[in-house]
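The values are calculated or read from the model by the stated rules, or taken from the named source; none is laboratory data. Values in this document were obtained by computation on a predicted structure and should not be read as measured data. Ideal geometry is used to build each Cβ from the backbone, glycine not excepted, and the neighbour counts take in all protein chains shown.
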Amino acid sequence: MQIEVVINPKYDRLKDFIGSIPDRFPVEGKTIYKSRNEIKVFESSFPINVKQYKTPSFFNRLVYTFVRPAKVLRAYRYAFELLDKGFDTPEPVGYILLKKYGLIRQSYFISIQSPYTRRFYEFGEGPVEGREDIIRAFARYTARLHEAGICHADYSPGNILFEKKDRQIRFMLVDINRMKFEETGLEKGCANFARLWGRPDFFRIIADEYARMRNFDAGECFQLIMEKRNKFWKAYTRSHPLPFDLGEPV
């Protein structure tokens, strides 16, 4: 087995710990997420997140080895791009690639544990009253992302973290290996909200503030958001149970 270890120079002091992660991961750390991939928190001199990506299929091993960068490499690079542009994401510590016969077998992305505890799941159900400031701040934040040429291709509730402290609302993106750095206009921008959970009044606030920030028509934005959203969730529910109440016919 061949191993490739890349470390953010800022955290070179963690070289021994990072190099031992493939041996430690099965038996140490606290699991905070487990589905296709698994995320564990390890305690070093500070909490560290380690994400173990699912072993790719043989076809994807070929793709990630010879055609396009592996997910872990994209996550590492994109983190620096986001931070450089002024958008929060957990600071990258490094990554590990394990290869067998020259093909990617296993990979780990290591980052600083995010201090943000709230996720956008909380807007999936219930009224928006009393939380309008967060929703509008989120719409402005998304507009700034799009104006900067950044579009998160998995802009879903679990990948948007936030905190509200002393009237300041801040956001952080995670699971960033699927990012697009490209011009994002009206239709693409509105479609980016399709994976979010929430009732129509939640999306109406988003459309109003997002349109105001980007000089779009608010009514057109709302219509596009709802169309793209319903299209996405109709396709999703063909093979998955709906995780929330859409709040309107689909």
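Taking the numbered list (1) more than 27 Å from Lys164 (Cβ to Cβ); (2) at pLDDT 95 or above; (3) surrounded by 17 or more Cβ atoms within 10 Å (Cβ to Cβ); (4) of a type in the set (Ser, Thr, Tyr) in turn, Thr89 passes all entries but (1). Taking Pro56 and the conditions (1) surrounded by 17 or more Cβ atoms within 10 Å (Cβ to Cβ); (2) closer than 22 Å to Lys99 by Cβ; (3) over 22 Å from the mean Cα position of the chain (by Cα), which numbered condition does it fall short on, given that it satisfies the others? Unmet condition: (3).
Scanning the range 92-122 for residues that are of a type in the set (Phe, Trp, Tyr) and modelled with pLDDT of 90 or more yields Tyr95, Tyr108, Phe109, Tyr116, Phe120, Tyr121.
Residues in the range 122-136 that are in contact with a helix residue (DSSP H, G or I) (Cβ under 7 Å, 6 or more places away or on another chain) and over 20 Å from Arg195 (Cβ atoms): Glu132 only.
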